[in-house]
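Participant: Got a structure for you, written out below as structure tokens; questions coming shortly.
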Amino acid sequence: MSRIIDTWVVPNPPEIARNWPPHLAHVFKVFRREHMLAGTTVEEFIESMDASGVAVSILTGLVEDSFTISNDDVAQWVRHAPDRLQGRACVDPRSPALAVAELRRSVEELGFRSLQVLPYAFGLPFDDRLYYPLYSVCVEYGIPVVTQVGHTASLLPSDPGRPIYLDRVARDFPSLVIVGGHIGWPWTDEMIALALKHPNVYIETSAHLPRRYPPTFVDFLRGAGASKCLFGTDWPWIDPAGALRQVSELGLSAEGEEAFLSSNAARVFGISLP
């Protein structure tokens, strides 16, 4: 049985796909995935997981001024296959009391096991104090926070995604598990430095095909970062089957590949695999 965990997936049912705003529809063109604008049912998505050998996918919504994939949208997919799909909360940090209430609802009622923070969506770097009440709740529940680091392919400012903004939070909340998604490119060295510095900081590879991982990241993955790196796709923009075929080209040991594709994520997100 497959043990592969895809740590970053965005539900894309037809009713959502036909409403992507221009700055996000642009990303489908960047990745040459315009056909995904037709949408995918949850049944079709599970079939694609089976075909690519993915055991578990972690689903996240999106919250922006102009567009939302709600936590309830995510929960609807999770309920279809709770043994294969895990939910991640995404909230609007600009109203901290409402954001905390929604995070608590997502954990306690929807069963979600992590929080997503998207700095580019509101122009708020990861260390903005508006997020701090959310980080405190994550520590309380013992769940990770996942964030986008690096540039954003959507037509919004990239600077809020600089990895260095994780440094202050990791020092202020030393027990908080922080996952920097999208590798941090073009500031990958900055992201690697933080993963080396802080025991609870990890790097996740969504939105990048393995053939395009920066060489410094591949070196880190093969060596000192073997226990600190997680595989993710950012589906529907990256096809898991194609990405997984390229993992074999990275020159990882059998143990390193298993950690990257499975056991690191299982440990970080509390997933039990056979």
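Participant: Return the pair list, or none, for Cβ contacts closer than 7 Å from residues in the range 263-274 that are surrounded by 18 or more Cβ atoms within 10 Å (Cβ to Cβ) to residues that are at pLDDT 95 or above and part of a helix (DSSP H, G or I), at least 6 apart or on different chains.
Facilitator: ILE271/ALA265
Participant: Among the residues of the range 195-213, write down those that are in contact with a strand residue (DSSP E or B) (Cβ under 8 Å, 6 or more places away or on another chain) and either open to solvent by less than 10 Å² (accessible area, probe 1.4 Å) or in a loop (DSSP other than H, G, I, E, B) (or both).
Facilitator: Step one: of the range 195-213, the residues in contact with a strand residue (DSSP E or B) (Cβ under 8 Å, 6 or more places away or on another chain) are 195, 198, 200-207.
Matches in the range 195-213: ALA195, HIS198, ASN200, VAL201, ILE203, GLU204, THR205, SER206, ALA207.
Participant: For the range 1-97, list the helices (runs of 4 or more DSSP H) that sit wholly inside it and hold at least 1 residues that are free of Cβ contacts under 8 Å to residues at least 12 places away in the same chain; which are they?
Facilitator: Working: elements: 14-17, 22-30, 42-52, 71-80.
Helices (runs of 4 or more DSSP H) meeting the threshold: 22-30, 42-52, 71-80.
Participant: What number of residues within the range 214-249 satisfy the criterion of being polar (S, T, N, Q) and crowded, with 17+ Cβ neighbours inside 10 Å? Don't jump to the end; show me each part of the working.
Facilitator: First, the residues of the range 214-249 that are polar (S, T, N, Q): 216, 227, 233, 246, 248.
Restricting the remaining residues to those that are crowded, with 17+ Cβ neighbours inside 10 Å gives 233.
Result for the range 214-249: 1.
Participant: Please pick out the residue among ILE183, ILE164, ILE143 that is in a loop (DSSP other than H, G, I, E, B), farther than 27 Å from SER253 by Cα and of a type in the set (A, V, I, L, M, F, W, C).
Facilitator: Working: ILE183 fails: farther than 27 Å from SER253 by Cα; ILE164 fails: in a loop (DSSP other than H, G, I, E, B).
Within the list ILE183, ILE164, ILE143, the selection yields ILE143.
Participant: So in the range 53-70, with the set limited to residues that are of a type in the set (S, T, N, Q) and modelled with pLDDT under 95, which one is farthest from ALA265 (Cα to Cα)? Don't jump to the end; show me each part of the working.
Facilitator: Filtering the range 53-70 for residues of a type in the set (S, T, N, Q) gives 57, 60, 66, 68, 70.
Next, only the ones that are modelled with pLDDT under 95 stay: 66, 68.
Numbers: SER66: 31, THR68: 26 Å.
Per the stated criteria, the residue is SER66.
This table checks each residue for (1) at pLDDT 95 or above; (2) out of contact with any Phe, Trp or Tyr (no Cβ under 7 Å at 6 or more places or on another chain).
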{"position": "ASP189", "(1), (2)": "yes, yes"}
{"position": "VAL218", "(1), (2)": "yes, yes"}
{"position": "LEU230", "(1), (2)": "yes, no"}
{"position": "ASP239", "(1), (2)": "no, yes"}
{"position": "LEU250", "(1), (2)": "yes, yes"}
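Participant: A further question on this structure: Is it the case that VAL27 is modelled with pLDDT under 95 and either on the phi > 0 side of the Ramachandran plot or open to solvent by less than 60 Å² (accessible area, probe 1.4 Å) (or both)? Full working, then the answer.
Facilitator: On the way: modelled with pLDDT under 95: yes; either on the phi > 0 side of the Ramachandran plot or open to solvent by less than 60 Å² (accessible area, probe 1.4 Å) (or both): yes.
Here the answer is yes, as VAL27 does meet what is asked.
The values are calculated or read from the model by the stated rules, or taken from the named source; none is laboratory data. As the structure is a computational prediction, the values presented were derived from the model and not from experiment. Note: ideal-geometry Cβ built from the backbone for every residue, glycine included; neighbour counts use all protein chains shown. With ligands, DNA and RNA removed, areas are computed over all heavy atoms of the protein, side chains included. Shrake-Rupley method; radii C 1.70, N 1.55, O 1.52, S 1.80 Å.
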